[in-house]
Structures are given as structure tokens and as C-alpha cells.
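The values are calculated or read from the model by the stated rules, or taken from the named source; none is laboratory data. A quick note: this is a predicted structure, and the numbers were derived from the prediction, not measured. Cβ atoms come from the backbone with ideal geometry, glycine included; neighbour counts cover every protein chain shown. When the accessible area is computed, the model is the full protein with side chains, heavy atoms only, and any ligands, DNA or RNA have been set aside. Shrake-Rupley method; radii C 1.70, N 1.55, O 1.52, S 1.80 Å.
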Amino acid sequence: MSLLEQEFHTEDLHPIDIVEHIAQHHEWEFDRVADDQIAMAVEGQWRTYSITLAWSDYDETLRLICTFEMEPPEERLPELYDTLNRTNDMCWAGAFTYWPPQKLMVYRYGLVLAGGQIAGQEQIDTLINAAVMSAERFYPAFQLVAWAGRTPEDAMQVAIAEAYGRA
């Protein structure tokens, strides 16, 4: 049975309840960290991505953070930051950043649901899949810059075409 064929009323559910339902449907490992937060592992082509979604009542935003470990050599950080800027120019939703203390590449997105709007399971599933597809699309470019000594311009050529498939 597809995710869309499963009937339930999203207006009765907390956004993180919907995310938990999606994780169960896809058989992703997950941990309900708190009532308003869930963490899961989603297997991609290049690696397993850690995805955390958290709901903020304060600003009515569903926040997604998709991370993967990356330990580029210190001398390659300027080129990596240039690559991040180029990457973000190609991202219409969400953005990448690098967190040096944690040695994590991070994709972030906030879905604003102000005014009591409700995100449906299809919308949240698409949000998660878009994060994984973006990470998959740009992962090779980040690696080429960090480890193969390629220029950002050259490395971005591998990310020109979008990745296709499902997480």
C-alpha cells in the first residue's frame, strides 16, 4: 500500500506524528527524541544521512536538518565554502552549510505553517526526499573539492544534472 493510500486525518495529528508514520512506512530507523522532535537515518546512494525534524510551536515551523560527516583538510575549507555558495545558488528550497566543530555538512529547511496550517504526509514525505536528493546531488562535488583538490567550478560540473530516484 502506498503512503498516499493510507487514510488518516492529518488535522488530528502533530507534524512529528506524521513524520513518524512516514518513517515507519519507509522502514527507516528512527528515534522519537521528544514530542516535537524525531531523528532518523535514511540510506542514500553515497551514504546514510541523519535527518532530524523538529516542530516549533513558537513560530509554527517544521524544521528539517539533514547531516552527514565530512572532515575536509583545513587548507581546503576556502574552496569548500566557495562550493557551498555555488551549491546554494542551485538550491531553490533549503540551503547547505558546514559546521566545522561537529565536522558535519548540513542541509537545512524550514517549512513555515503559520496561521494554523497543516502539513500533509505527502508534503512532508516530499520535504524529506528533497533533502536526501539534494545531499545526493551535491555530495560528489563536496568530495571532489575536499579530497581530490578540484576547483569548485570543476567539481560543480558533476552536480549540474539532478539526481533521480527515491530515498
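Observations
- Looking only at residues in the range 118-130 that are in contact with a strand residue (DSSP E or B) (Cβ under 9 Å, 6 or more places away or on another chain) and more than 13 Å from Ile51 (Cα to Cα), the one that is least open to solvent (accessible area, probe 1.4 Å) is Ala119.
- Enumeration of residues in the range 62-93 that are surrounded by fewer than 17 Cβ atoms within 10 Å (Cβ to Cβ), of a type in the set (A, V, I, L, M, F, W, C) and under 12 Å from Ala141 (Cβ atoms): Met90
- The set of residues from the range 118-154 being more than 22 Å from Ala23 (Cβ to Cβ) and in a loop (DSSP other than H, G, I, E, B) comprises Ala148, Gly149, Arg150, Thr151.
- Qualifying residue in the range 87-104 (condition: within 16 Å of Met70 (Cβ to Cβ), in contact with a helix residue (DSSP H, G or I) (Cβ under 7 Å, 6 or more places away or on another chain) and in a helix (DSSP H, G or I)): yes
- Any hit, the range 67-74, residues being not in a loop (DSSP other than H, G, I, E, B) and not acidic (Asp, Glu): yes
- Residues that are open to solvent by less than 40 Å² (accessible area, probe 1.4 Å) and either without any contact (Cβ under 8 Å) to a residue 60 or more places away in the chain or of a type in the set (Ser, Thr, Tyr) (or both), drawn from the range 131-143: Ser134, Arg137, Phe138, Tyr139, Ala141
- Residue identified as closer than 14 Å to Leu64 by Cβ, open to solvent by 20 Å² or more (accessible area, probe 1.4 Å) and not aromatic (Phe, Trp, Tyr) among Gly115, Gly110, Gly149: Gly110
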